[in-house]
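Everything on this sheet refers to the single structure shown next.
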Amino acid sequence: MSERRVIGEASAPSLPRHVKLRRDESRGQWVLLAPERVLVPDDIAVEILQRLDGQATVGAVADDLAEKYRSPRAEVLHDVIEMLQDLADKGFLAA
Amino acid sequence: MSVPPAPPLALLAELTHRCPLQCPYCSNPLELDRANAEMDTAAWQNVLDQAAAMGILQVHFSGGEPMARGDLADLVRHAARAGLYSNLITSAVLLDERRAAALAEAGLDHVQISFQGTEAGPADVVAGYSGAHEKKLRAARLTRDAGLPLTVNAVMHRGNLDRIEATIAMAADLGAARLEVAHVQYYGWGLKNRAALIPTRAQLEHTTAAVMAARERLKGVMVIDYVVPDYYAARPKACMGGWGRQFVNITPSGRVLPCHAAETIPGLAFESVRDRPLAAIWADSPAFRRFRGTDWMPEPCRSCDRREVDWGGCRCQAFALAGDAAATDPACALSPKHGDVLALAERESAVMAPPAFVYRRMEKIPVLEPGKK
Ligand code: SF4
Ligand code: SF4
């Protein structure tokens, strides 16, 4: 049995094998596929998820997005952590 | 003509009705499709291609026991190539090291194993198969060893609800990322055995409390899905996310259904993928249009603000309990039949010695033995 995964700036999460981020052409949206669940992440969430490769840290993802969207880094970091922690608690992030 | 419906999200592919187990609550119809009526590999591959093309995202390989088909890994590979997310819903008694590896290699995304209990003795009695529980435990470990994520599907009823804590511990111990605490549904075989399976209200309250506590304790470790059984609920569940909205079910012989139990409803004619394209059947076959959306609804659903939340509940249950598939699901407290249903649940579950199980079995085809008298 494993421990709860706590997301911080230094974490480098990835999507587990059973969670897939896919472009759903017929509905014109991105979807996150898991058993019995289909999530429709918003644009920012998609940007975050696309950057998760098990290498990039949460901090680096926040740097990237803060620059791209010209937003304060602290705010972006907070949002990224919040979103990823929620995903981790739902079992959508690799432990 | 109205606008065409959005495509379903998921396909439930019932590859076969064959199964080594005989669960008395099996969701398969009482009339099982025989092996010689099953679609072959090419026909299923064609269905998978059609599914992906029409915008279906996930395929659940189920049955019966999908592993009873030797071509399962080929179908999984085909689904992966078509871009479909694949899930195997299995009793796992046929899952060994070789097959686990083959499925992982073919690109299977997820495995769901059903358990009948937490101890071999009583669990095997429910499965009607001696040694099943041990095999399942082993298969669950093999699944994890093959790198495949696991959901434990624990089918709960009067006979095992008192073991809810042990059930949760077993799933966590097996390394499941998800546990489904699934109450038996009462149609098909489950309806036949309802009096032996229906829990008491006290059992239910205990279960709900245990699940809530475990959810808190196992946050971020194991997700627990739990739905209160309909007979004791105040509002029905959105069965299949609404008729003909999110799911499409295909039987072993190719009949296309809005839900796996839809054939329990008399008077609906279901078309086959052998005769017409899947997308066409989904869009306009009368059986799908019959209960799609809200136009078919009677009162109290018609003017209820939950009509697009639960879609009036389950049609199969409405037929089973109210004798009318177009009635409000009697699981809803607003249904005029709700009181009867609650009384029935309380009466049946209060019987001290529940009746014996009627096991799910295929009627044996008589073997002709020429020359013998
Ligand atoms: S419910 Fe039991 S009998 Fe029915 S298909 Fe599943 S394992 Fe087999
Ligand atoms: S009346 Fe119909 S729509 Fe309203 S909650 Fe009950 S079943 Fe759902």
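Rule-based calculations on the coordinates, nothing more; no lab input. Fair warning: this is a prediction, and the values are worked out from it, not measured in the lab. Cβ sites come from the backbone with ideal geometry, for glycine too, and all protein chains shown count toward neighbours.
Counting only other chain Cβ atoms within 10 Å of each residue's Cβ, the peptide A:13-20 averages 4. Peptide B:6-17 shows a mean partner chain C-beta count of 1 within 10 Å per residue C-beta. With the convex hull drawn around the C-alpha atoms of region B:302-350, the volume per residue stands at 75 Å³. Within the protein assembly as shown, the proportion of Cα pairs with more than 36 Å between them is 31 percent. Sorting the segments B:244-250, B:142-148 by their residues' average number of neighbouring beta-carbon atoms within 10 angstrom, most packed first, yields B:244-250, B:142-148. Here, chain B is characterised by an Rg to Rh ratio of 0.96, where Rg is the alpha-carbon radius of gyration and Rh the Kirkwood radius.
Any idea which of A:Gly54, A:Trp30, A:Tyr69 is furthest toward the positive side of the dipole for region A:20-89, if Lys and Arg beta-carbons carry +1 and Asp and Glu beta-carbons -1? Working it through, the farthest residue towards the positive pole turns out to be A:Trp30. Rounded to the nearest 5, the antiparallel percentage of DSSP beta bridges internal to chain B is 10%.
Whats the longest run of chain B with zero GluC sites (Glu not before Pro) that are DSSP loop and have at most 13 other Cβ atoms within 10 Å? Longest site-free region, per DSSP loop and neighbour criteria: B:120-307. Averaged over residues, the count of other Cβ atoms within 10 Å places the peptides A:62-70, B:310-318 in the sequence B:310-318, A:62-70, highest first.
Counting, for every residue in B:29-39, the Cβ atoms of other protein chains within 10 Å of its Cβ and taking the mean gives 0. Counting only whole DSSP H helices of chain B, the ones at least 15 Å long by C-alpha along their axis and with mean Kyte-Doolittle hydropathy no lower than 0.0 are B:41-54.
With the highest mean first, a sort of the peptides B:251-257, B:172-178 on other beta-carbon atoms found within 10 angstrom per residue produces B:251-257, B:172-178.
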